[in-house]
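Undergrad: The following block contains the structure, expressed as structure tokens.
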Amino acid sequence: MSERQQRIVWFLWLVTFPPFIFYVAENTYELLQTAWIPIVSFTVLILIASLFPIQVKQTSLIPLHGISLAIFLHFGLLVEAMVTQVALGTTLSQLKLSKKESYRFPLNSLLFLATSFGAAGMFYLFGGQVGEVTTAYISALWLPILVYITTYIFLNNGLIFLIRYWFLNMRNIKFFDEALIWETVSGILILPVGLTLAVLYQEIGHLAVLLVGIPIVTVSLILKVYNESKKTTGLLKKASTFGYEVNDRLTVEEILELFIETCSKVFPAHGIFLYERTEGDIIRPLYTQHSPTHSHVKLSEGDPISQYVSKEGESILYRSSKQWQELDEHGMCEGVESILSAPSIRNHQVIGVVTLTTEKKNAFEKSHQILLEIIANYLSVALQNAKHLEQTKKESERCPLTNLYNFKYFERLLLDDYDRDNEQTNYAIILLDLDHFKRINDTYGHQSGNEVLKQVSSVLTNTLGSEAVLARYGGEEFVVLLKNTPLFKAYQIAEKVRQAIECHLFSVSEDLQSGDRKSVRITASIGVASKSEEDESPISVLRNADRAMYTGAKQKGRNKVAQFS
């Protein structure tokens with residue numbers, strides 16, 4: 001709801017509610033003096049009922065209809081409306097709404113005032129009268145009573161629908177939804193209870209409130225415990241599902257994607273923060289999803305809450321900012337209310353932290369904390385396995401000295417992507433061999449030779465960029481695959497590589513003598529080939545590049561580029 005709409009709501013409430021209070025006080029003064037004990041008894045009952053809403057699927061049901069009906073039939077509209085307002089205030093106070101949500105107090109107050117007056121108006125319109133409630137009274141006025149409870153339910157839900165549709169822009173909602181169905185069912189079930197309460201009060205006085213109230217509260221408590229247990233079971237099933245699915249993911253990216261998707265569906269969070277713990281007990285962000293109001297926040301070393309959880313190794317649940325504000329000295333969590341954070345633990349060591357935040361108070365429950373702990377540990381195992389798999393794959397594909405692809409990977413790439421049956425036919429291969437490289441090893445030692453090979457790989461990487469596939473062929477030889485590159489263009493690239501190597505000063509250490517650093521120059525002989533015949537295999541193209549290098553470059557003076565034709 002926009003700020004302008006909130007101001008309108010507050011204005012309407014201020015010009016409506018205070019006059020209503022004054023009118024109630026003026027017109028019920030004598031009634032309150034004579035019947036204050038039963039009115040207080042009914043008020044206490046409706047307050048207790050409002051403290052224990054019954055959760056049915058995604059709908060919260062509070063059995064106020066029956067109690068408010070009994071109050072209305074005995075004491076009239078004004079007392080019923082006032083008692084309902086008190087119960088409404090109690091219910092909303094439990095939510096501990098933020099300042100941004102404070103408009104819900106006047107909005108719901110106006111909504112229930114309108115519902116009370118509307119239902120009472122229909123009751124009187126159909127000939128209903130309030131006063132002494134007996135079985136004969138109910139038999140005579142069954143239609144107005146039915147109209148009252150029907151109007152109460154449908155008017156209340158209708159006003160809620162209009163507010164959501166027009167003011168909150170929730171255009172995809174329906175009036176006849178599951179919430180209305182359950183509200184109607186509860187109204188039908190609670191109607192006999194309300195009438196029984198009204199008749200019993202007429203017969204035995206305010207003791208009836210106790211006799212009827214105890215079963216109502218007891219049933220509400222039982223159903224509340226049952227639904228909380230059912231909700232926890234459902235969350236544990238979701239955790240189990242996440243555990244199965246995350247083990248099927250093989251890469252870190254896939255695992256993180258599933259984790260974020262699961263958190264977004266399961267937890268009422270606006271901010272999601274995932275950190276990994278590095279050396280020195282520092283946490284580094286792997287993923288951060290801020291709420292729109294905190295997109296500017298930078299968390300290079302984590303937020304204070306996550307740092308605390310990483311240090312302590314235990315999950316925490318904060319329901320409002322008052323509980324955690326002392327930890328946030330720099331205001332990094334400003335605007336946040338509820339925070340849920342759990343460590344990722346592997347082999348009794350904290351390896352990461354998962355933190356969820358929202359701007360709403362009391363958004364997270366104990367069941368959410370248990371679920372996040374389970375998911376965080378599933379996540380830690382999956383990430384460790386994926387990283388180990390990626391490292392193993394990298395080691396099998398890369399040269400440990402230069403970190404370039406090895407020839408095994410390069411050969412598999414050629415056979416898989418550039419065989420005869422593949423459409424990728426426009427490619428070229430460059431093969432280069434360092435000239436007189438044995439002199440480097442003999443003069444400066446093999447360690448210096450290794451240093452030169454690593455420096456050559458850096459020169460090649462910087463010269464060729466990311467479009468080329470670069471691999472160490474073996475020894476002092478390197479091979480390059482150029483995708484979608486004709487032969488003349490490949491020749492130009494090879495010449496560029498040759499010049500880059502020739503002009504570069506390579507740093508070596510005189511390991512065999514003084515051990516001082518020294519700069520040397522080296523050159524390379526290069527062969528270039530591309531696919532020349534339709535049925536030519538990529539391995540044949542590689543051999544042709546090898547022939548061009550030896551016959552056209554090595555045997556003709558070295559430090560040259562030759563192409564196979």
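Undergrad: Tell me which residues, restricted to segment 503-535, are within 14 Å of residue 564 (Cβ to Cβ) and buried (at least 16 other Cβ atoms within 10 Å of the Cβ).
TA: Quick first cut of segment 503-535, residues within 14 Å of residue 564 (Cβ to Cβ) only: 525-533.
Within segment 503-535, 525, 526, 527, 528, 529, 530, 531 meet the criteria.
Undergrad: Next question. Keeping to segment 457-484, report how many residues are of a type outside the set (A, V, I, L, M, F, W, C) and surrounded by 22 or more Cβ atoms within 10 Å (Cβ to Cβ).
TA: Summing the residues that are of a type outside the set (A, V, I, L, M, F, W, C) and surrounded by 22 or more Cβ atoms within 10 Å (Cβ to Cβ) in segment 457-484 gives 1.
Undergrad: Here is a follow-up. Six or more apart or on different chains, Cβ atoms under 6 Å: show the pairs whose first residue is in segment 22-48 and within 11 Å of residue 75 (Cβ to Cβ) and assigned by the TED database to the domain that holds residue 215 and whose second is open to solvent by 70 Å² or more (accessible area, probe 1.4 Å) and outside any helix (DSSP H, G or I).
TA: Close Cβ pairs satisfying both conditions: 38/206.
Undergrad: In addition: For residue 235, work out the one condition from (1) at pLDDT below 80; (2) touching a helix residue (DSSP H, G or I) at 6+ places or on another chain (Cβ under 9 Å); (3) open to solvent by 70 Å² or more (accessible area, probe 1.4 Å) it doesn't fulfil.
TA: The number of the failed condition is (3).
Undergrad: For segment 238-253, give me the residue count where each residue is closer than 16 Å to residue 390 by Cβ, assigned to a helix (DSSP H, G or I) and either open to solvent by less than 80 Å² (accessible area, probe 1.4 Å) or touching a Lys or Arg at 6+ places or on another chain (Cβ under 6 Å) (or both).
TA: Qualifying residue count for the region: 2.
Undergrad: Hey, can you tell me all the residues within segment 13-37 that are surrounded by 14 or more Cβ atoms within 10 Å (Cβ to Cβ) and assigned to a helix (DSSP H, G or I)? Break it down into steps so the answer makes sense when it comes.
TA: So the first thing to find is which residues in segment 13-37 are surrounded by 14 or more Cβ atoms within 10 Å (Cβ to Cβ), and the list is 13, 16-17, 20, 24, 28, 31-32, 35.
Result: 13, 16, 17, 20, 24, 31, 32, 35.
Undergrad: Is there a residue being modelled with pLDDT under 80, open to solvent by 90 Å² or more (accessible area, probe 1.4 Å), in a helix (DSSP H, G or I) and among the aromatic types (Phe, Trp, Tyr) anywhere in segment 174-193?
TA: Within segment 174-193, none of the residues are modelled with pLDDT under 80, open to solvent by 90 Å² or more (accessible area, probe 1.4 Å), in a helix (DSSP H, G or I) and among the aromatic types (Phe, Trp, Tyr).
Undergrad: Being assigned by the TED database to the domain that holds residue 70 and either open to solvent by less than 30 Å² (accessible area, probe 1.4 Å) or among the hydrophobic types (A, V, I, L, M, F, W, C) (or both) narrows it down to one of 102, 93, 109, 139, so name that one.
TA: Only one candidate passes the filter, namely 109.
The values are calculated or read from the model by the stated rules, or taken from the named source; none is laboratory data. Quantities reported herein were computed from a predicted structural model and do not represent experimental measurements. We place every Cβ from the backbone using ideal geometry, glycine too, and count neighbours over all the protein chains shown. Heavy atoms of the whole protein, side chains included, go into the accessibility calculation; ligands, DNA and RNA do not. Shrake-Rupley method; radii C 1.70, N 1.55, O 1.52, S 1.80 Å.
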